[in-house]
Every structure is written in structure tokens, then in C-alpha cells.
Amino acid sequence: MPAAHCNNMQFRCYRGFWISEMWAPGVVAVHRSFAPRADDVIVASLQKSGTTWLKALTFATMARGAWPPSSHDHPLRRLNPHLCVPSLEVLYTLGRDALLDMLPSPRLLSTHMPLSLLPPSTCKIVYICRDQKDTAVSLWHFMKRRHPDLTFSEVHEAFCNGICMGGPAWDNILEFWYASNAEPTRVLFLTYEKVLQDPCDAVKKLAQFLGQPFSGAEEEAGVVTEIADLCSIDNLRNQKANKYGSIGGKISHESFFRKGMAGDWTNHMTLEMAERLDSILREKLDGSGLIV
């Protein structure tokens, strides 16, 4: 597979998309071997686009019958969201894919892979997209934990060249965007900024899309707000489970929670850097009807 790098991070190009070398074996295995069930639900995104938040929101919405969001022992108060919603490529890379067969239906899973690398299926997919300037900043902070000499300029240059996990970002985004327009009952396309603006509305959209709409009694009892509050970045960040531990011994739980805001790119990018990335996105998304 063709290779590229950002600082000392290596990427491989697989079927037109850049994959972190660390997770490449899992991505290839998912593409070739993953057997989706018809009732699977997959949370999809590019890295640092609101993945952790969307996992929590989707899990809490789907599990609210067994685990009311107000319960003191709710899984999201005891476990990192990435343990509640496992990543396909992580499971396959770590050789733990046999766990997938043990999960009861409906399974809630996640991926950073583009739609074209997922096996064909009828399962529902929830995708979240974020302003790529904020995504680049968030990814830089995230990666600096493992690569302390990584500069933001290096990450910005890589993004402009389409090099990121599951990138080029514009191709990843467009695959799910077009699918959501062609099959709106199978693919739900959300934006980080709109979820941030009105999380309760996002929770209701999720529930409706998943075939689990809130009853009048639930709405009157404040269940929607309870889910939004349970899954807020501030609440998740302060849970003990998210202050300790790691994913596969590689990624600390607390590294998934930083500012959780929109517009932080203004603190890291020059106007020239911002315009360069914006202009690339405008060109790549031209004619799609999508503005990122």
C-alpha cells in the first residue's frame, strides 16, 4: 500500500483512503471479514469530529429502557463511551473481533472508515461531521500526547493534503452525505455544530431515526434532557471512568475530552491557514449541497 507520513506518524493508502499504520490491519480485516447484522447500528465519523459524544448520545438513547439516564449505575457513569460502543477497526487490530459474535442484537458499533470500506449492509448508520478547522486542532492536541514534537503546521499541511485517518476528509464526508440523501432512513447525517447548539433536538432525531421515538410520557418526564445532560462533555469528562484507563493500552480515556466547543481553531490558525483549508473544502464539496 502507498505510504505517507505526518511527523513520525505513518499512513497507508488502502482503496483510495489514508489509514493510520497502527490500525491498518484492522481496517483491512473489517473490509474483508466483518459480517454486519441487519439490525446493527454504526456510529461513523472522522477522528475528533464528535465521535465520543455521539457514541454516548446514541448509547444512552438506545439503552434508555434498560438503563434510564437518571440511574446512578448507568454504564456511562462507570465506563468510557468507547467501551460501551466498540470500534470495529480497534477490535480487529487487537485480535478481539470474536467479541462481536457475543454481542446481543442490536449491536452498537463505531468506525472511522469511509462508507465504501464497510461491507454492504442494511444496518443503520449515524454519521457526524465537524468543521475541519476545529477537527484539525482537536486532532493535533490529541496526537501530541503520543508525539510531543508534532507541530500544528504539520497537522494542517497533512489535512490540506487529505492525509488523516479515513481521509481524504472530503471524500469520507461526501460518501456519507450522499448516502444520507439517497437513503435517509438508513443513514443519518449530523453536524457537530448543530448538535452542540441543540443537543435535545439531536437526541430526538436520533431516537426517531433508530425507530425508538420518545413517547409523550418520556418527553414530559424530561428523559430527553436527562440524556443530553448525561452525555454532555462536562459530565463525561468528570466521570471517574474517563479520568483513568486506556483503550488497548494505547490511548488514555481522558484524552477523549478536551474543550468540546466550536471555533477553537481561531486560537491556533492564522487567517491564511484557515482560508487555505476552507478553500480546499469548498472546491471538493462543490455541487454537493453540503457546506462544512
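The values are calculated or read from the model by the stated rules, or taken from the named source; none is laboratory data. Bear in mind the structure is a predicted one, so any value in this text is a computation, not a measurement. Positions of Cβ are backbone-derived with ideal geometry, glycine not excepted, and every protein chain shown enters the neighbour counts.
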Legend entry - Residues located in the stretch 182-214, provided they are over 20 Å from Ala60 (Cβ atoms) and among the aliphatic types (A, V, I, L, M): Ala182, Val187
Inset, instruction - Kindly state which strands (runs of 3 or more DSSP E) lie completely within the stretch 3-53 and contain at least 3 residues that are within 14 Å of Leu115 (Cβ to Cβ). - result: 41-45
Inset, instruction - Please verify whether the stretch 3-13 includes one or more residues that are under 24 Å from Leu188 (Cα atoms) and aliphatic (A, V, I, L, M). - result: no
Inset, instruction - Note down all Cβ pairs under 9 Å where the first residue falls in the stretch 217-234 and is farther than 17 Å from Met62 by Cβ and free of Cβ contacts under 8 Å to residues at least 24 places away in the same chain, the second is hydrophobic (A, V, I, L, M, F, W, C) and crowded, with 21+ Cβ neighbours inside 10 Å, and they're at least six residues apart or on different chains. - result: Ala217/Val223
Inset, instruction - Name, by its number, the condition in (1) buried (at least 18 other Cβ atoms within 10 Å of the Cβ); (2) at pLDDT below 90; (3) not in a helix (DSSP H, G or I) that does not hold for Leu290. - result: (2)
Inset, instruction - Output yes when any residue across the stretch 112-133 is closer than 24 Å to Val292 by Cα, in contact (Cβ under 8 Å) with a residue 24 or more places away in the chain and polar (S, T, N, Q), and no when none is. - result: yes
Inset, instruction - Would you check if Gln212 is more than 29 Å from Glu275 (Cα to Cα) and polar (S, T, N, Q)? - result: yes
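So which of Met165, Met143 ends up being crowded, with 16+ Cβ neighbours inside 10 Å and assigned to a loop (DSSP other than H, G, I, E, B)?
Details: Met143 fails: assigned to a loop (DSSP other than H, G, I, E, B).
When all the criteria are applied, what remains is Met165.
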Inset, instruction - Look at the stretch 110-131 and say how many of its residues are of a type in the set (S, T, N, Q) and crowded, with 23+ Cβ neighbours inside 10 Å. - result: 2
Legend entry - Residue, farthest from Met269 (Cα to Cα), within the stretch 147-160, restricted to residues that are touching a residue at least 24 places away in the same chain (Cβ under 8 Å) and part of a loop (DSSP other than H, G, I, E, B): His147
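On the basis of being modelled with pLDDT of 90 or more, part of a helix (DSSP H, G or I) and among the charged types (D, E, K, R), does Asp134 make the cut?
Values: modelled with pLDDT of 90 or more: no; part of a helix (DSSP H, G or I): yes; among the charged types (D, E, K, R): yes.
So Asp134 does not fit the description; no.
Mind telling me which of the residues Glu219, Glu226, Glu275 ends up being at pLDDT 90 or above, exposed (fewer than 14 other Cβ atoms within 10 Å of the Cβ) and among the charged types (D, E, K, R)?
Numbers: Glu219 fails: exposed (fewer than 14 other Cβ atoms within 10 Å of the Cβ); Glu226 fails: exposed (fewer than 14 other Cβ atoms within 10 Å of the Cβ).
Unique residue meeting the criteria: Glu275.
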Inset, instruction - Select from the stretch 63-83 the residues that are part of a helix (DSSP H, G or I) and either surrounded by fewer than 19 Cβ atoms within 10 Å (Cβ to Cβ) or out of contact with any strand residue (DSSP E or B) (no Cβ under 8 Å at 6 or more places or on another chain) (or both) and list them in ascending order. - result: Pro75, Leu76, Arg77, Arg78, Pro81, Leu83
